Every structure is written in structure tokens, then in C-alpha cells.
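First the structure, in the form of C-alpha cells, and then the observations on it.
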């Protein structure tokens with residue numbers, strides 16, 4: 001506790017009931033499932049939390065920032081997984097990551113036993129949790145493995161709404177998804193702007209230039225270049241509807257991550273020594289669907 | 001990180017479980033459960049050290065008006081006293097809803 | 001010459017690059033243990049088209065061409081022998097650049113991850129041999145989906161989420177503090193023995209001359225690869241060997257608890 005008299009954003013946001021961005025992860029997971037079907041697995045009172053954070057004098061959260069709930073979407077069995085961006089930047093630690101990997105595995109086992117189980121992931125994450133570094137890496141590999149195994153049975157839908165964004169290991173999960181839903185406020189990219197500036201210098205990218213950053217990896221750009229499937233407003237009902245519609249559409253004709261021929265062709269057309277703009281990529285890629 | 005604990009007399013009524021909040025900057029998470037005895041126990045993990053007196057003042061005031069025998073498991077990430085009071089109140093509302 | 005290239009050439013004998021593909025992506029077919037195998041590695045290329053991927057990073061071209069090469073191996077094995085895919089890993093990190101993000105490096109990396117995973121699920125033994133660095137996405141992309149991961153037991157071998165100086169900066173600690181933490185918090189340690197404790201490796205290999213392999217060392221590594229291929233073929237086509245390891249029993253107790261308890265709750269609903 002501090003003595004500064006300032007309300008956190010989330011408290012102020014409680015009055016804005018329909019903004020998905022302002023919801024916490026548990027509420028988001030509930031929004032993505034049919035009303036009244038939300039049934040949380042490993043909830044707060046199970047107290048399976050990070051064993052590594054208290055060892056480093058960091059306060060753990062009872063659900064480790066990953067909400068897993070079983071329910072239905074359009075009456076069909078489903079699991080919703082939501083990361084809490086406000087806790088440790090939505091980072092993937094041993095417990096949060098393993099909750100995601102296990103939920104995907106259980107959905108796949110359901111599919112194999114004749115109970116097709118849909119999976120929707122609401123991702124807000126800076127990537128691996130550096131305080132749990134190498135276990136985080138192992139768990140992210142397991143998440144990827146389970147996501148790839150599950151998408152052979154049912155579509156896997158990723159929602160990136162903001163404001164944390166989806167980076168690092170979770171950007172890989174978004175890359176592997178059957179479908180990606182984004183808002184304009186959301187960002188999807190492998191390396192965060194600060195990391196790029198640090199590693200490549202401010203002449204490569206000025207991490208404070210917010211319009212530039214959103215022009216590169218914001219929802220509008222990702223949708224215009226075919227890296228996201230649906231662009232939605234920050235409205236909980238609209239997002240839930242978009243997710244239902246994608247499950248109704250079924251398996252995508254082509255998985256984006258299988259589009260090597262298209263991307264090899266696209267890369268060949270670009271000269272990496274020249275500076276590129278977001279508009280230029282939009283223009284070049286607008287008529288090609290992956 | 002600092003761990004604090006406080007203890008208050010209770011009337012013996014047992015509340016229902018409730019969970020509110022997140023361990024995010026300026027906020028806190030509270031897990032409310034019935035306690036095993038006739039008292040209310042508050043266990044705090046806080047990222048900000050050196051505010052034990054402030055916690056005591058806030059909790060003393062809050063528990064003057066709360067009689068149920070509960071365990072409050074609080075994980076704080078630098079919340080203000082106002083936010084702490086608001087979350088405690090919210091936990092009780094959720095517990096009674 | 002980078003360790004990755006040194007060992008790729010020592011094991012594979014040559015390099016047959018993809019048509020028009022980046023010179024930083026090394027690919028070769030070879031015979032190992034009486035069967036045809038495919039080798040893959042990344043190596044620095046000062047002439048690489050993408051300026052941010054000239055130091056042996058996992059870049060967009062390396063990823064998409066690598067994904068295509070592996071998909072071709074899967075296709076070729078669809079009705080026949082499942083050829084082992086052996087990756088010699090020595091890759092600094094992913095490429096950090098504005099152009100990379102504009103064209104979706106996360107998607108390129110995901111494509112290569114998916115190719116490795118699909119090869120594994122189809123029954124190809126997918127083996128990673130870490131001879132140098134496997135940091136951040138270079139670990140996830142090149143080693144993450146392997147049925148069996150081998151590593152040299154050597155101070156230059158590094159598996160980690162992030163280099164030490166960057167971790168120190170972001171977690172607001174000094175490098176000395178990080179070293180001290182690594183003593184007690186095994187997943188934060190930077191030495192390969194600590195990574196091995198977590199159950200992430202099939203085997204650590206003590207190789208006498210990791211920078212200048214002689215024929216004895218090459219034979220030793222080949223024999224370890226043959227064993228790993230056989231072991232992968234005996235097991236399921238998933239990553240379960242990692243969590244089933246002795247190391248995981250000790251250091252991933254929370255992972256095992258999540259798996260057991262969530263399965264129990266799921267079944268009860």
C-alpha cells in the first residue's frame with residue numbers, strides 16, 4: 001500500500017461496462033463463452049501459484065495471471081483461456097503457461113474421444129516471465145506443441161484486444177492460431193518496441209513513437225495485411241460475436257503458418273536495404289490472401 | 001515484499017467465498033473465505049515495505065464494522081488506502097451476493 | 001567460422017542451400033546410422049539480404065525457407081520412411097528489426113515451429129543438438145518442438161530466455177545479482193547444467209574440442225545422434241519426455257500439479 005491518492009485505471013474503468021479492453025481476464029473469459037456456462041478450472045482458491053516469484057520477493061497472484069474456463073460457445077463444448085495483462089505484464093511463468101498448455105491438451109483429448117472442444121485464447125502478454133526464464137521457455141514450447149496438435153481437430157481462435165499487446169512467446173501462439181481477432185488498440189509482434197530499440201538502436205526504431213509502433217503492429221495494420229482475420233471495435237459483445245462467427249466458419253482453408261510459398265514470394269519482392277512504410281506493405285499485400 | 005498479519009474478533013457467522021482484484025500496479029487481490037475459528041484473520045503480502053502502521057489503521061477501521069469469521073488473503077501491489085477499502089468492500093459484496 | 005557451421009559441415013559433409021534461399025540457412029542430406037537424414041543449421045552471413053539477420057539470427061527468410069524445407073521432408077515421407085531431422089543449433093536470437101516486425105516475424109517463426117511439430121507428429125525423429133547459443137526465440141524455434149534435445153556440456157553453450165545484460169536491465173537487477181539468483185533459482189541460471197536439471201535435455205555431451213572437432217569427436221556426436229533418433233522412435237511423438245524426466249520431478253513440481261489437478265477438475269465437469 002502507498003499513500004498517494006490516485007485510483008488505478010481498472011477501478012475507474014469499472015463504470016465502462018462494455019469495453020472488453022477494460023475487463024479483467026476472468027471477465028473476458030466469461031464474455032467469450034455462452035452466458036452462464038463459465039466454469040473456471042484451477043481458480044484462485046486452488047492457489048496453484050508461482051513457486052518462483054516469492055523466492056524473489058515478488059507478490060504472486062492466486063491464479064498466476066491465467067484464467068482457464070470450460071463452457072460452451074454456441075452450445076458446443078469450449079475452453080476459454082485468458083491472460084491477465086495487469087499481473088506481471090501477462091508474462092508466461094511455469095503455472096500460467098502450464099495452465100494454458102494443459103487446457104489445450106485436454107481440449108485435444110476431448111476431440112480425440114469424440115467431443116470436439118473449441119479453444120479461444122485472449123492473449124495479453126509481454127512474453128516469457130524473466131523471473132522463471134528457462135521453465136517459461138519450456139512451457140511456451142509445450143503451449144505451441146499443444147496448439148498445433150489441437151488445431152488439427154478444431155479451429156483455435158486468438159483474440160488480441162489490448163492494452164498490453166501480444167509479444168514474444170504469445171505472438172508465436174497467435175501466429176499458430178487458426179484465426180486472429182484484433183482491436184485497433186491491440187498490438188501483435190514478436191519483439192516489443194523497447195527491445196528492438198535496445199538491440200538495434202534508436203535509428204532502427206524509436207520506442208516512444210507510438211503512432212509509428214501502432215502503424216507497424218497495431219490491429220488495423222495486421223488486419224489490412226492479412227495477419228489478423230477480423231478487426232473489431234473494443235466492444236465485448238462484438239468480440240464474442242466475432243469469435244462465434246469464426247467457429248461457425250470452421251477450419252480455415254489455409255493455415256496462415258503454412259503459407260510459406262506466399263511469404264517467400266512476398267519477401268522476394270521487397271528490398272530489405274530500403275526503408276519500408278506500413279502503407280507500402282498494405283498496398284503490396286492487399287490483394288493476396290494467405 | 002513484506003508479509004503482515006492481523007487478527008480480529010468475530011461473531012462466528014461464516015461468509016461465503018469471494019475473490020476480487022488483481023496484483024497489478026496500484027491494485028490488490030483479495031481472497032475471502034470462512035475461517036476455521038471464531039476470528040477474522042488477515043494475511044497480507046505487499047510489494048511495498050514499511051507501511052505496517054498504515055495497514056493496521058485501515059484494517060482496524062474496516063473491521064470495526066465487519067463481524068463475520070473470515071480469512072482475508074490479500075496480495076497488494078502498491079494500492080492506496082482508498083483502493084484497499086474499496087476492494088475490501090467489494091469482496092464483502094461479492095461474498096454476500 | 002561459427003560453431004554452428006563448423007559442426008554442420010563436420011556432421012553433414014556439405015550444404016545444399018534452398019533455391020534462392022538465404023545463405024544463412026544451411027541444409028543437407030546425409031547418411032547416418034545407415035539411413036538418410038536431413039541436417040539443418042543457421043550461420044552468420046555478412047551478405048544476408050536482411051541487415052538485422054546477418055549474425056546468425058532466426059530471421060524471416062531463414063524461418064520461411066526452413067519451414068518450406070521441412071514441409072517438403074514431411075511430404076516426401078508421407079507414404080514411406082520418416083527421415084530424421086537433425087538441427088545443429090547455434091543461433092544468437094531472433095532478428096530484431098522494424099522490417100522484420102512489419103512482415104510478421106512472429107508468423108514466420110510460428111511457421112517453422114509448426115513445421116518441426118508436424119514433422120514430429122508425423123513420426124519423423126526431430127532432434128536438436130545445441131552446440132552454441134539457443135536464446136529466446138532461437139530456442140523456441142529450433143529446439144522447442146524436438147522430441148530429443150542434446151547439448152554440449154561446455155561454457156559457451158547457452159540456453160536462456162534472454163541474455164544476461166538485457167535481463168538485468170529489464171528486471172532492474174545487476175549482473176552480479178542475477179548470478180547470485182541463478183545459484184538458488186535454477187530456471188534463472190545461465191549454465192547448461194542448470195538447464196539440464198529442468199528436464200529440458202535428453203543428454204549432455206562432453207566433447208573434447210567443441211570448436212575444432214576431430215574425427216573422434218565427430219564419431220562421438222554421430223553416435224549420440226543415432227541413439228537419440230532410436231530413443232525418439234521408441235517414444236510417443238510428443239514432448240512428454242520432458243515432463244516425465246527426473247529433473248521435472250524435482251524442478252517442475254508446479255507444472256505437474258497443474259497438469260494433474262486441471263485434468264481432475266476437467267473430468268469432473
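Values in this text are rule-based calculations from the coordinates and carry no lab data. Given the structure is predicted, the values throughout are model-derived calculations rather than measurements. Neighbour counts are summed over all protein chains in view; Cβ atoms, including those assigned to glycine, are modelled from backbone coordinates with ideal geometry.
What shape does the range A:17-253 have by the C-alpha gyration tensor, where a ≥ b ≥ c are the square roots of the eigenvalues, rounded means a/c under 1.5, and otherwise prolate means a/b greater than b/c and oblate the rest? Since a/c reaches 1.5 but b/c is at least a/b, the shape of the range A:17-253 is classed as oblate. When DSSP beta bridges are restricted to pairs lying wholly in chain A, around 40% turn out antiparallel. Bridges between two residues of the range B:2-96, per DSSP, are antiparallel at a rate of about 75%. Neighbouring Cβ atoms from other chains, within 10 Å of the Cβ of residues in B:74-83, number 6 on average. Taking the Cα centre of each part, how many Å lie between the range C:163-216 and the range C:80-102? Measuring centre to centre over Cα atoms gives 21 Å. Mind pulling the angle between the C-alpha long axis of helix B:81-96 and the longest principal axis of chain B? Nearest 10 degrees, somewhere in 0 to 90. Roughly 30 degrees, rounded to the nearest 10. Note on A:86, C:261: ascending count of other Cβ atoms within 10 Å places them as C:261, A:86, the fewest first.
Ranked by how many other Cβ atoms sit within 10 Å of their own Cβ, fewest first, the residues C:164, C:82, C:253 fall in the order C:253, C:164, C:82.
By DSSP, the beta bridges lying fully in the protein assembly as shown are antiparallel in about 45 percent of cases. Rounded, prolate or oblate for the range C:3-237? Axes are the square roots of the Cα gyration tensor eigenvalues, ordered a ≥ b ≥ c, and the cut-off for rounded is a/c under 1.5. Cα axes put the range C:3-237 in the oblate bin. Against chain B, whose longest principal axis comes from its Cα atoms, helix B:52-64 is set at around 30 degrees. Dividing the C-alpha radius of gyration of the range C:1-100 by 2.2 N^0.38 Å, with N its residue count, gives 1.08. Please list, by residue number, everything in the range A:129-167 whose backbone N is under 15 Å from a paramagnetic label point 7 Å out along Cα→Cβ of residue C:174. Label zone hits: none. Across all Cα atoms of the range A:169-272, the radius of gyration (one decimal) and Dmax (whole number) stand at 15.3, 45 Å. Specify the inter-centroid distance of the range A:224-290 and the range C:20-71, based on alpha-carbon positions, in whole Å. Each part reduced to its Cα centre gives a spacing of 25 Å.
Spatially, the range C:217-252 and the range A:60-127 are offset by 28 Å when compared through their Cα centroids.
For residue C:29 and residue C:209, what does the FRET efficiency come to when R0 = 30 Å and r is the distance between their Cβ atoms, rounded to the nearest 0.05? According to the calculation, E is roughly 0.70. The ranking of A:214, C:7 from fewest to most other beta carbons within 10 Å of each one's beta carbon is A:214, C:7. Dividing the summed helix terms, -39500 (n - 2.57) for each DSSP H run of n ≥ 4, by the number of residues in the protein assembly as shown produces a 222 nm estimate of -12000 deg cm²/dmol to the nearest 500. For the pair residue A:233 and residue A:47, a Förster radius of 25 Å applied to the C-beta separation gives a FRET efficiency near 0.10, rounded to the nearest 0.05. Indicate the gyration tensor shape class of the protein assembly as shown (rounded, prolate or oblate), computed on the Cα atoms with a ≥ b ≥ c the square roots of the eigenvalues: a/c under 1.5 is rounded; otherwise a/b larger than b/c is prolate and the rest oblate. Note, shape of the protein assembly as shown comes out prolate.
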